[in-house]
Amino acid sequence: MRLQPDDAEAYRSLGNVLMRERRWEAAQAAMEQAAALRPQDPTVASLVYLRQMVCDWRTYPADLDRLWTDATRQLAAGRPPA
């Protein structure tokens, strides 16, 4: 990521690896970076899960709104929600 600091996919992949290792805070930071770089990406579902795992409820209402918006957008496009 040093070579491509704007690569949302790299941050999302890192977040997934860190989740499998149960390194919740580090995974959350990686997923937050991925979501910031690519706001329309379905990473938000993983990010909400991670925030729950570390009991970070500060953005929970906004997170649920974003999940709903993403699901609605995907359904309107004829795709199942991610």
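On the basis of being assigned to a helix (DSSP H, G or I) and more than 13 Å from the chain's Cα centre (by Cα), does residue 6 make the cut?
Answer is no for this residue.
Only residues that are in a loop (DSSP other than H, G, I, E, B), within 16 Å of residue 30 (Cβ to Cβ) and of a type in the set (A, V, I, L, M, F, W, C): list them for the stretch 40-82, please.
54
Regarding the stretch 38-49, can at least one residue be identified that is more than 14 Å from residue 82 (Cβ to Cβ), touching a residue at least 24 places away in the same chain (Cβ under 8 Å) and touching a helix residue (DSSP H, G or I) at 6+ places or on another chain (Cβ under 9 Å)?
There is no residue in the stretch 38-49 that is more than 14 Å from residue 82 (Cβ to Cβ), touching a residue at least 24 places away in the same chain (Cβ under 8 Å) and touching a helix residue (DSSP H, G or I) at 6+ places or on another chain (Cβ under 9 Å).
Computed from the coordinates by the stated procedures, all read-outs in this text should not be read as laboratory data. Nothing here was measured: the structure is a model prediction, and the numbers come from that model. Here the Cβ is made from the backbone with ideal geometry for all residues, glycine too, and neighbour counts use every protein chain on show.
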